[in-house]
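Visitor: To start, I am sharing the structure in question, which I have written as structure tokens.
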Amino acid sequence: QVQLLESGGGLVETGGSLRLSCTASGQAIGSYAMGWFRQAPGKDREFVAVINGFINIYTDSVQGRFTLSRDNDKDTMYLQMDSLRPEDTAVYYCAAAPKLSSVTNEAEYTYWGQGTQVTVSS
């Protein structure tokens, strides 16, 4: 069983930066796809980004502002978020999957973290 633990959320002003971390425990998941989803108040959870092998994929709204990276030695994935906007305010969830056919389909992700709050003030 894999456990995912997110950290790094918080309150930041518009234009600021945060770095989220997601650390896996329970078993090695070096070959797993790992991604981020977010859920804003009153909205459905949505795909943000995924690192799948050597490929990083981002949703259009964060392309150029968010950067994924991964340290397999630490079983940790990072999401560097720059130029943050109020519309980025949400609970951010880390997710992992042994394999994916559709990176944006949350049903394909096997393991989920509890989420970390990101709030961007205007």
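The values are calculated or read from the model by the stated rules, or taken from the named source; none is laboratory data. In this text the structure is predicted, and so the values were computed from the model without any measurement. In this analysis, Cβ positions are derived from the backbone assuming ideal geometry, glycine residues included, and neighbour counts consider all displayed protein chains. Note: areas computed on protein heavy atoms with side chains; ligands, DNA, RNA excluded. Shrake-Rupley method; radii C 1.70, N 1.55, O 1.52, S 1.80 Å.
Visitor: Starting from residues that are part of a strand (DSSP E or B) and not hydrophobic (A, V, I, L, M, F, W, C), keep the ones in the stretch 80-107 and report whichever is surrounded by the fewest Cβ atoms within 10 Å (Cβ to Cβ). Talk me through it step by step, then tell me what you get.
Guide: Restricting attention to the stretch 80-107, the residues satisfying the condition of being part of a strand (DSSP E or B) are 80-81, 90-97.
Checking the rest, the ones that are also not hydrophobic (A, V, I, L, M, F, W, C) come to 80, 92-93.
Values: 80: 14, 92: 24, 93: 22.
Checked the stretch 80-107; the qualifying residue surrounded by the fewest Cβ atoms within 10 Å (Cβ to Cβ) is 80.
Visitor: Something else now. Every residue in the stretch 58-72 that is under 22 Å from residue 110 (Cβ atoms), open to solvent by 50 Å² or more (accessible area, probe 1.4 Å) and not in a strand (DSSP E or B), please.
Guide: Answer for the stretch 58-72, where residues must be under 22 Å from residue 110 (Cβ atoms), open to solvent by 50 Å² or more (accessible area, probe 1.4 Å) and not in a strand (DSSP E or B): just 72.
Visitor: Which numbered condition trips up residue 117, out of (1) without any contact (Cβ under 8 Å) to a residue 60 or more places away in the chain; (2) part of a strand (DSSP E or B); (3) open to solvent by 60 Å² or more (accessible area, probe 1.4 Å)?
Guide: (1)
Visitor: Which of the following residues is in contact with a strand residue (DSSP E or B) (Cβ under 7 Å, 6 or more places away or on another chain), within 23 Å of residue 105 (Cβ to Cβ) and in contact (Cβ under 8 Å) with a residue 60 or more places away in the chain: 50, 2?
Guide: 2
Visitor: Still on this structure, I have one more. Which residues, counting only those in the stretch 10-41, are open to solvent by 60 Å² or more (accessible area, probe 1.4 Å) and modelled with pLDDT under 95?
Guide: If the condition is that a residue be open to solvent by 60 Å² or more (accessible area, probe 1.4 Å) and modelled with pLDDT under 95, then 26, 27, 28, 31, 41 are the ones that fit.
Visitor: For the structure I just gave you, tell me whether residue 70 is closer than 14 Å to residue 21 by Cβ, basic (Lys, Arg) and without any contact (Cβ under 8 Å) to a residue 40 or more places away in the chain. If you could, list the steps in order and put the result at the bottom.
Guide: Details: closer than 14 Å to residue 21 by Cβ: yes; basic (Lys, Arg): yes; without any contact (Cβ under 8 Å) to a residue 40 or more places away in the chain: yes.
It is true that residue 70 is closer than 14 Å to residue 21 by Cβ, basic (Lys, Arg) and without any contact (Cβ under 8 Å) to a residue 40 or more places away in the chain.
Visitor: So in the stretch 42-57, with the set limited to residues that are farther than 16 Å from residue 120 by Cβ and among the hydrophobic types (A, V, I, L, M, F, W, C), which one is surrounded by the fewest Cβ atoms within 10 Å (Cβ to Cβ)?
Guide: My answer is 54.
Visitor: Right, next: Residue 112 fails exactly one of the following numbered conditions: (1) without any contact (Cβ under 8 Å) to a residue 60 or more places away in the chain; (2) open to solvent by 20 Å² or more (accessible area, probe 1.4 Å). What is the number of that condition?
Guide: The failed condition is (1).
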